[in-house]
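J.: For reference, the structure I am asking about is given below.
The values are calculated or read from the model by the stated rules, or taken from the named source; none is laboratory data. None of the values given here were measured: they were computed from a predicted structure. Remember, those area values only see protein heavy atoms, side chains included, never the ligands or the DNA or RNA. Shrake-Rupley method; radii C 1.70, N 1.55, O 1.52, S 1.80 Å.
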Amino acid sequence: MVLRRRTARAAIVLTGLAALAACGGQPARTAAGPATAAAGQPGPTVSAVAGPERTPEVIEAPATRLPVPTVAKTQRRVQVYSGPSDVPLPTAPDRGRGSTVVQLNATASADIGTYVADARGRTLYRFDRDKADPSKSTCDGDCAKTWRPLLVSSPGRIYPSGVNPQVIGYVERADGTCQVTIAGWPVYLFAQDKGAGDIKGQGVGGTWFAISPTGGRTRPLPEVLTVPTTAAH
């Protein structure tokens, strides 16, 4: 009987471990709240100076945590969340198929207005010759070498900051990859943009513009006015 009881207990433990592994090994998240001291135990941590004279007690306030993003929209095997990621984003290269996690950030610019950038601050563009309803990308071949599609692998996750998650999705390209869309418009990176905040692709060919959080064009760059000089007499 003792052996049977031990065997049954071991089976229960193994079943629980298997269920945890099937969920990715991550325990359920719970909202963080202030710790409650047990009966007879000291309360919040205080700082004091030993000796006859004590400094006033300083109670450490609990750290404020940002709300955990939740799934706002699902498109097949890609989930769009309600806000920015609360975990570090992967830095490994996507090997041409897209990243499993994509971050989109609304970014303010004094020159062109608010546009959307990726997790590294690189500007995202839309192409006027594409279609938004239904979504369709027309930039392939050499075009896609200069204007690189922002891809998400499937299954994947997209985290927006300052962008309505309901307007975010993806479209399948001719090569089978999944290109991120904003309000139906496929989005791209410009090869000549070398760092965060670069907008060298703005207005190229009169058809490429940094995309706004609602999928629209951002305003053209202001023209540089030149004052003609007159020869001295």
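J.: Gain in length, Thr214 to Lys131, computed as 0.36 nm per residue apart minus the alpha-carbon separation, to one decimal in nm?
T.: Working: separation 83, 0.36 × 83 = 29.88 nm, distance 1.49 nm.
The span from Thr214 to Lys131 would gain 28.4 nm if fully extended.
J.: Tell me which lysines have Cα within less than 20 Å of Lys131's Cα, excluding those fewer than 8 residues away on the same chain?
T.: Those lysines meeting the cut-off are Lys145.
J.: Relative to the present Cα-Cα distance, how much length would full extension add between Thr138 and Leu89 at 0.36 nm per residue of separation? Don't skip to the answer; put the middle values down first.
T.: Details: separation 49, 0.36 × 49 = 17.64 nm, distance 2.94 nm.
Length difference between fully extended and current span is 14.7 nm.
J.: Further, regarding this structure: How large is ³J(HN,Hα), in whole Hz, for each residue of the stretch 68-74 in order, when computed from phi with the Karplus curve 6.51 cos²θ - 1.76 cosθ + 1.60 and θ = phi - 60°, using x for Gly and Pro?
T.: Per-residue couplings from phi come out as 6, x, 10, 6, 9, 7, 10 Hz.
J.: Then there's this: Leaving out ligands, DNA and RNA but keeping every protein chain, what accessible area does Lys73 have, in Å² rounded to the nearest 10, with a 1.4 Å probe?
T.: In the full protein context, Lys73 sits at about 60 Å².
J.: Subtract the Cα-Cα distance of Ser82 and Val68 from 0.36 nm times their separation in residues, and report this length gain in nm to one decimal.
T.: 4.2 nm
J.: Expressed as a whole number of Å, what is the distance separating the alpha-carbon centroids of the stretch 145-203 and the stretch 95-111?
T.: Comparing the Cα centres of the stretch 95-111 and the stretch 145-203, I get a distance of 7 Å.
J.: Can you give the direction-averaged projected area of the convex hull of the alpha-carbon atoms in the stretch 100-202, in nm²? Before the final figure, lay out the partial values.
T.: Details: hull surface 25.2 nm².
Mean shadow area of the hull around the Cα atoms is 6.3 nm².
J.: Counting only protein chains, not ligands or nucleic acids, how are Leu221, Leu189 ordered by accessible area (probe 1.4 Å), most first?
T.: Details: Leu221 75, Leu189 15 Å².
Result of the area sort, largest leading: Leu221, Leu189.
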